[in-house]
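The values are calculated or read from the model by the stated rules, or taken from the named source; none is laboratory data. Since the model is a prediction, treat every value here as computed from it, not as a measurement. Every residue, glycine as well, gets a Cβ built from its backbone with ideal geometry; the counts of neighbours run over all protein chains shown. Please note that ligands, DNA and RNA were not included when accessible areas were found on the heavy atoms of the full protein model with its side chains. Shrake-Rupley method; radii C 1.70, N 1.55, O 1.52, S 1.80 Å.
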Amino acid sequence: NIKKVYSCFMKKLLGIMALCLLWSTFSAAEVEKVLKEIKKNKDIAQGFNNVKEYDQRNKWRITNKKILESDKNTRKHILQIVNKNDGFPTRHGSQSIRFEVRDGDSWGWDSRNDRERVELIICCFEKKTHWNAWSIYLPKDFPIIFPTKVAMGQFHGSGDNPPEFMFQNQFDKYSKSKSGGYWVTPAESISDHVSKKLLDQKDMLGKWNDILVNVKWTHKDAGFFKIWINGKLTYEHRGKTHLKGEEIEHQLGIYRSFVSRSPGPDPTQIVFYDELRYAKTCKKLKLKDLGYSCEDIENQSLK
């Protein structure tokens, strides 16, 4: 009887140890998990099976491969799929994506060029008219870290030129204050390079905001780039939208540049994204579950 009890105890102990080891491995590989799961997670991302990079469809990437070559235990915090049941914010459904950048979160090219960054990338969009949507959430304690520059999304060409359109949490040169908020900045190569504020900082903290983009990607003058914020048309650019010969990719996350401008280490920043959607028409985005009507959206114009 003692042998049977001991044998049973050892089996249970070994089982617990195996589960602990599995959990440890699982929790330390959050980046790899996200890259694998985002492809099939319709709770968070929809429509990207139509996005093709070379011979692979719906191929999500992380900012650079050096992150994947680094020690998993030092970067397991940077990118996670999180659950509503665990107390994390979600826009719709039960899951969202959590990005976290701490002082020193820099790999490869970024570490040599005064950057700290964690971004998801999806490539490449067709040179046609289509729609992109995403929702963004900043925790109530999200810090403004000016003079460090913080980007939270960009449409970027495949070359080394500046991004065609970048979304930033930035300094307001007009009010001369560390105002933060959500801004869009077009590249100098396609426009006047003037930033436009889309949201105030106070309207981003502790709440979800829905971003909708309708764009015609072209290196000719017939292009356009429109942005709706929470269902309201807020920004419109007309003219070329990318440089000739470049592919277009979408990046989302936290991208801190010129970090040496700050007198000391910048504080940790956390951003949540949800409802990443892509389609060739507004109707196919299925925005009704977020409370929007495509008929209303498409009938809007800037006054």
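Could you tell me which numbered condition CYS282 fails, if it satisfies all but one of (1) exposed (fewer than 14 other Cβ atoms within 10 Å of the Cβ); (2) within 21 Å of ILE122 (Cβ to Cβ); (3) of a type outside the set (D, E, K, R)? For CYS282, the failing item is (1). Put simply, of TYR273, TYR235 the only residue that is farther than 24 Å from ASN83 by Cα and either hydrophobic (A, V, I, L, M, F, W, C) or open to solvent by less than 40 Å² (accessible area, probe 1.4 Å) (or both) is TYR235. Selection of the stretch 194-218 for residues being in contact (Cβ under 8 Å) with a residue 24 or more places away in the chain, part of a loop (DSSP other than H, G, I, E, B), touching a Ser or Thr at 6+ places or on another chain (Cβ under 8 Å) and open to solvent by 30 Å² or more (accessible area, probe 1.4 Å) yields only SER195. The condition of being more than 19 Å from the chain's Cα centre (by Cα) and closer than 20 Å to ILE38 by Cα holds for only one of LYS72, LYS59, LYS76, that being LYS72. Among the residues of the stretch 1-59 satisfying the criterion of being part of a strand (DSSP E or B) and of a type in the set (S, T, N, Q), which is modelled with the highest pLDDT? Top of the filtered list is GLN46.
Determine whether SER111 is open to solvent by 30 Å² or more (accessible area, probe 1.4 Å), within 19 Å of THR268 (Cβ to Cβ) and either part of a helix (DSSP H, G or I) or among the polar types (S, T, N, Q) (or both). Yes; evaluated as a whole, the condition is true for this residue.
Every condition in (1) closer than 13 Å to TRP131 by Cα; (2) in contact (Cβ under 8 Å) with a residue 40 or more places away in the chain; (3) over 17 Å from the mean Cα position of the chain (by Cα) holds for THR241 except the one numbered (1).
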